[in-house]
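My questions will all concern the structure given below.
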Amino acid sequence: MRTDSNSDGFYRVGDTDRPEPKYQRALIAVFRQVTHIAEPDEHRCLIGTPLQQPRFINYPIRDLGLCNGITHTRFVTTTEVYPDSAGVSAEECIEAQGVVVSAGFGYLRRG
């Protein structure tokens, strides 16, 4: 994985095997209300990976051994922030994670 030194902020990562774009879009909508979102590079990539939709990329999470690949649930995602982001505080990270978890449950309840 490559990080782009000119990027700053949060982004979402889903699974290429279980992309669920509507779910991811719902999470991004609330997520961006509480924090700044990383902008893609000139190639429309985040960390060297093409965007699937604004502020969102997919990885083959099981193949890469990432933690959100240990289950077989339908809706998997993770929130990431560029390392050492000067514009992100610990409190902002906590708030962003909280709204995403809440939005995820809300999305599933509406089914």
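Is it true that Val13 is under 25 Å from Glu92 (Cα atoms), touching a residue at least 60 places away in the same chain (Cβ under 8 Å) and not in a loop (DSSP other than H, G, I, E, B)?
So Val13 passes the test.
If you don't mind, another one. Filter the range 74-111 down to the residues that are part of a loop (DSSP other than H, G, I, E, B), open to solvent by less than 70 Å² (accessible area, probe 1.4 Å) and touching a strand residue (DSSP E or B) at 6+ places or on another chain (Cβ under 9 Å), then identify the one that is nearest to Lys22 (Cα to Cα).
The selected residue is Phe75.
Being loosely packed, with under 12 Cβ neighbours inside 10 Å and part of a loop (DSSP other than H, G, I, E, B) is the filter here; which residues of the range 61-73 pass it?
Scanning the range 61-73 gives Gly65, Ile70, Thr71, His72, Thr73.
The values are calculated or read from the model by the stated rules, or taken from the named source; none is laboratory data. A quick note: this is a predicted structure, and the numbers were derived from the prediction, not measured. All Cβ positions, even for glycine, are placed from backbone atoms using ideal geometry, and neighbour counts span all protein chains on display. Ligands, DNA and RNA are stripped out before the accessible areas are found, and what is left, the full protein with its side chains, is counted by its heavy atoms. Shrake-Rupley method; radii C 1.70, N 1.55, O 1.52, S 1.80 Å.
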